[in-house]
1. Of 800, 67, 634, how do they rank once you tally other Cβ atoms within 10 Å and put the fewest first?
2. Per the helix-only calculation at 222 nm, which mean residue ellipticity applies to the chain, given -39500 (n - 2.57) for every DSSP H run of n ≥ 4 and division by its residues, nearest 500 deg cm²/dmol?
3. Going by Cα centres, region 195-268 and region 377-424 are how many Å apart?
4. Output the direction-averaged projected area (hull surface divided by four) of the convex hull of the alpha-carbon atoms of region 705-829, in nm².
5. Relative to a virtual label point 7 Å from the Cα of residue 445 in the Cα→beta-carbon direction, which members of region 1159-1173 show backbone nitrogen distances below 17 Å?
6. At 0.36 nm per residue, and after removing the present C-alpha to C-alpha distance, how many nm does the segment from residue 799 to residue 1024 gain when stretched out fully?
7. Could you compute the FRET efficiency for residue 982 and residue 1226, with r as their C-beta to C-beta distance and R0 at 45 Å, rounded to 0.05?
8. For residue 1192, put the label point 7 Å out on the Cα→Cβ axis and report which residues of region 1143-1174 keep their amide N under 14 Å from it.
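Taken together, the values in this text are just the output of simple stated rules run on the coordinates, not laboratory data. Since the model is a prediction, treat every value here as computed from it, not as a measurement. Cβ placement follows ideal geometry from the backbone for every residue including glycine, while neighbour counts extend to all protein chains displayed.
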């Protein structure tokens, strides 16, 4: 084949030269090697820093180097005789791993990552496939704005004839005549003459018992055809299920219910004489767009294998996503070392992804997500090859061991009579990004992320890491200076007051005494101390050196990882990998980890963890694969730390993931824009790891002084904020540039609040090859956030964001706030912006809604459109005409408060202003707010009063940039909604299914601030509650209702508070629509004579308890744990949700929110560490414990008088509940039965639960 191509190429070259008059260039090495092109040839084009230099190992004695930061080498006049895909061999020199882009004739760039060569004098080769045209071609190699290898030459090795020959597409679909259909919930299994068809609402799976092939298809057009399984036996022979003699099933489906939900398990069985039985196991679930599959091999004698593939496809077009343009395959790296990148490449090439992949169309986002969800034994590889926008070969297998996994040895083998492959998730999704998140969640079902000890600081970690600031020169004084600087100068850079000061590598520059003193200083400043360690590596080369903590029992020669000949494995990143199963390695872990714990560190960065996953011969003979070893090593570290530290994984595989609270999404990003882009490449395609397999995604340290401008530094901060995240600064605090940048960037509350959410932004586009997306979006409640980046260090860029593409409503107008400058504008449809070099933007978009009672004129504190009222702060009453319902005019009375109107009462810490009953708007100038100082503002009228803390007014002031606060006007509106109230009450009746009666005015209350330049801001949530009082009409019955917040479509929320002298008073955390209402909710099964009727009806009127269905309350039915938790949460007015890892509390179930709120408040803790038991009936003792925890919220723990309330069956109360039962009884919260028995294990009824709730909050 190659000889034929070379002969034709040479003949073609002679004809080409004769016809065109163009002679062979110096790039071509004679007639004997017409396919070789030297990098240094005169006809080539070099750009940027690329240059020719001497190289004794290069073929011509020269090479092209200097390929960094925007440099390229173009081979010109590369000649082939016919068009096609050609194998091109790149000869390169690279002493460390460096990638490059390669493309032909200006076409799509392919991102390649060749392994490093032995040193910078050794030439290596790397094969790529390029489409070349008959005649002259150009081949461009560039550095992807990073660092690339030196290039010796390229060789055109011939046409690539490796494409798969057509198979038998569709064969598995010919199942014959359908028979009976069996229903398992929403899953159907239909018998056919030659197989089965399994279906749910999302997909169909067919199994052909003649061919042994399986087919998958989804409603959106995604398909896999001709799927079979394969495995290698010990002699490297490959067995394939489709080649077996018989194909059957293991019998009827097995019904199952687990963390994924309800479903069935089916096994497709393949048998053949002299071969192990192959079982393709499938698990189908009712409401999932994916299923799980794995391969089991069973033999009468032992099987030996290091390769098992549950999914293999070798059909032309065997994988098809139903689209024909911009189809992509995601290549995921095994770990995050050596500046490796994710790649979203055109489908028309060959590559390998690790652990998972997405196959999708970027324009429609329709696609497939396939990946391993078990990571206890295998490293999973996904090999693929495609062309014409379809994939022809796909293998998903356990047994990957390549330079990408950092291995030098083959994947370890398993031996036994029953062996299993990785369990694989296969799903089809209308948005591949959702599919990636579902993949993360599926992994978390099997191995939940590591739970953070509640005794440690919760939420996103904020702090500082020493590496970017001081590197190897770290000293005790550096640590002290940093701790003091953060305490004194960066008061906003924290999370709930928590700041970590972390020493990275070279912490051992400090003596043990200095370490102890450093921790003492850090803690004395109210901060937390962090440390660094690499538990799986040896940085030395003295194999006779004694291992720390082993009392000279072992040397490093004993514990380094070795190959099958007993030779230590080569160093990786300059360090020898350790055998983590060796007792000496574990004694070493004990020594260092115990030392860190004893010194008082509460954060640890674990680095170079990939070393622990390398293939080799391990001390523990039961451990035969690298991932088995990694699990053992990481489990040992995590258990030894015993919850005493936040664990941050640095250089580490993505999986297994259950041993760290966070993992760096990429490594060694500092402050330049190209480093920001590198980090965001990993976030673009690895965002799904946040909140699923890891609690937080670490964007690496933020080294602001490494940036060339404040804008470039801000881009690095923005990249950290959107990562979801770990905010670790890493600058020298004594550097003036660093001080300037930190002051400018680490004190912005709006930006830092986004970081504190711990929520990752999604990429807008996924067709960026090996680069990062430049736009990211987050939907947070009703708000959206957009982050835009310009990765060019030298040129500006125009961006136009299609809001609908970003997930917003294209027809809606949004308020757009720049979180860095505070500037506010409006936008709809699309948003165009110019970004200067290295610049980025972080903005918040909020749907613009009309102010209650004033729909045509929202936020109009100055009423500038009315003559005689220009918004002055004079002590006058004015009025303005505003449109109302499009026709009628209403008068808005405005009061501008001046300093002399404030009736200051320093004893009570408030200033009272009496206002007329018809006042609908109150204005305060910034001068009046300043005059108030720390005093609250109290507004009193005949029907309404407000107590507004000074903190709320200051919170609103701070919404403006500091330089715009002076001269600003705060506008507080209290607008009676009049006739609109009828529509609101009607909507509330529909929403609550109750008779709703209005017992006061309905008020629309809002607050806003406007600067002198016209910048307008509103306040939605208050840092401190406002006290609202409303006057009820005569005849109001408090047991039938109270004060309510009225939301969209009449949704009501009861406001807890006090009722006296016909006035209801309660605390509110946001403004909106409020009124006094009575609700009559009737339940057919709770007649007036029922013992709990008054309690149930009052709680129902206050929306604390709900009916079940069709007008029933079911008072005698047992109450579940989820129902009682929900009752408690609503009755106590709790709203703050928390992170929880209960595998039986699905996020889409009605009780997920109240359980997470109760968990955050400390009211519930679960039946076990990872199970809550939401549908289990609650026992009376469990109810007592929950009630007492709810009762104790916000109260100092004081002993309760024991009195004589002792139940006769206290001996039956569980020890963990005894105190709660006694205290609840003495407080009158619970009662025993007529025989003075408590019946602790008895099941509480819904009526009893209602009585307990009533006793807790209303009695």
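1. Details: 800 8, 67 29, 634 26.
Final ranking by Cβ density, sparse to dense: 800, 634, 67.
2. Helix contribution divided over all residues of the chain: -6000 deg cm²/dmol.
3. 19
4. On the way: hull surface 34.3 nm².
If I average the Cα hull's projected area over directions, I get 8.6 nm².
5. Those under the cut-off are 1170-1173.
6. Values: separation 225, 0.36 × 225 = 81.00 nm, distance 3.93 nm.
That works out to 77.1 nm of additional length.
7. With a Förster radius of 45 Å, E is 0.40.
8. Of the residues in region 1143-1174, 1161-1165 have backbone N under 14 Å from the label point off residue 1192.
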